[in-house]
Amino acid sequence: MPLKYRLTPNTLRTYSGKYLAIPSDNESHTMDDIIEMMIAKGSTVTKAEALAVIEEYHQAIETLITEGARVQTELFSISSSINGCFNSESESFNRDHHHVSINLKAEKRLKNCLHKIKVKKLNTAKREPSIQSLLNHFNKSKDSNFSAGQLLSIKGVYLKFNEADPQQGVYFIDKHKTSFKASNVIKNKPGELMCFIPDALTKGNFTLEIRAMVYRTKTIRTGSCTISIV
């Protein structure tokens, strides 16, 4: 898949030109996704075995970094640095005035990926919530088989809303125009919302509606799609 981007007005004085490219609508993958990808390609290692080895790998790196060492792999290198000024040669490190930072640098194999990345320009998105996919976390089904009480993942753009504003949020609207607001929202990000489907919903088709005041707008804007409750 290509690296998708949109152009946005350049408000940074440090860059010339009227527009900047902002990566947009690109997928995000977890460690579980990576392991599933390995297994799908025919690896004889089980998921449990892979998780165990990767955990030991992570612990080994953590131990080395904690000891002040520099770690270099074919993908990346990790080192530590000390920030803050010292007033004399005799002054020692003091966490009230100094702090340690972690530095991460891409190495050969990651750098080799750069020329392989294809890019795709997207049309400029309207500054309003846009729902792109739904995921049922109970059975991992996508865009179907949803039930009341289950955890729902909503992915898209401009989804984040102000939870302190009672007019904003995630709503399920039935054929009689009755609205049911999701009261249990556990993730509220521009690219993904996670909430529990209200227990009061009965079987049938609902309009799933996101109501949010998008950043740099002054009115509540709406994005919607159809969701079937079974």
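The values are calculated or read from the model by the stated rules, or taken from the named source; none is laboratory data. Model, not experiment: these values are computed from the prediction. Every residue, glycine as well, gets a Cβ built from its backbone with ideal geometry; the counts of neighbours run over all protein chains shown.
Considering 103, 112, the condition of being at pLDDT 95 or above, part of a helix (DSSP H, G or I) and not β-branched (Val, Ile, Thr) is satisfied by 112 alone.
The rows are residues; the columns are (1) modelled with pLDDT under 95; (2) assigned to a strand (DSSP E or B); (3) in the same structural domain as residue 137 (by TED's automatic domain parsing); (4) more than 15 Å from residue 157 (Cβ to Cβ).
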{"site": "167", "(1), (2), (3), (4)": "no, no, yes, yes"}
{"site": "172", "(1), (2), (3), (4)": "no, yes, yes, yes"}
{"site": "183", "(1), (2), (3), (4)": "yes, no, yes, yes"}
{"site": "190", "(1), (2), (3), (4)": "yes, no, yes, no"}
{"site": "193", "(1), (2), (3), (4)": "no, yes, yes, no"}
{"site": "201", "(1), (2), (3), (4)": "no, no, yes, yes"}
{"site": "210", "(1), (2), (3), (4)": "no, yes, yes, no"}
{"site": "222", "(1), (2), (3), (4)": "no, yes, yes, no"}
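Can you tell me how many residues within segment 77-100 are in a loop (DSSP other than H, G, I, E, B) and out of contact with any His (no Cβ under 7 Å at 6 or more places or on another chain)? The total comes to 14.
Would you mind stating whether residue 194 is surrounded by 10 or more Cβ atoms within 10 Å (Cβ to Cβ), within 13 Å of residue 134 (Cβ to Cβ) and among the aliphatic types (A, V, I, L, M)?
Values: surrounded by 10 or more Cβ atoms within 10 Å (Cβ to Cβ): yes; within 13 Å of residue 134 (Cβ to Cβ): yes; among the aliphatic types (A, V, I, L, M): yes.
Yes.
Within segment 136-165, restricting attention to residues that are in a strand (DSSP E or B) and either of a type in the set (D, E, K, R) or not assigned by TED's automatic domain parsing to the domain that holds residue 206 (or both), which residue is surrounded by the most Cβ atoms within 10 Å (Cβ to Cβ)? Ranking the qualifying residues of segment 136-165, first place goes to 155. In segment 34-52, the qualifying residues are those that are under 25 Å from the mean Cα position of the chain (by Cα) and over 28 Å from residue 114 (Cβ atoms), and the one that is surrounded by the fewest Cβ atoms within 10 Å (Cβ to Cβ) is 48.
Return the residues of segment 1-15 that are surrounded by 12 or more Cβ atoms within 10 Å (Cβ to Cβ) and either within 17 Å of the chain's Cα centre (by Cα) or part of a loop (DSSP other than H, G, I, E, B) (or both); say none if nothing qualifies. The answer is 3, 4, 5, 10.
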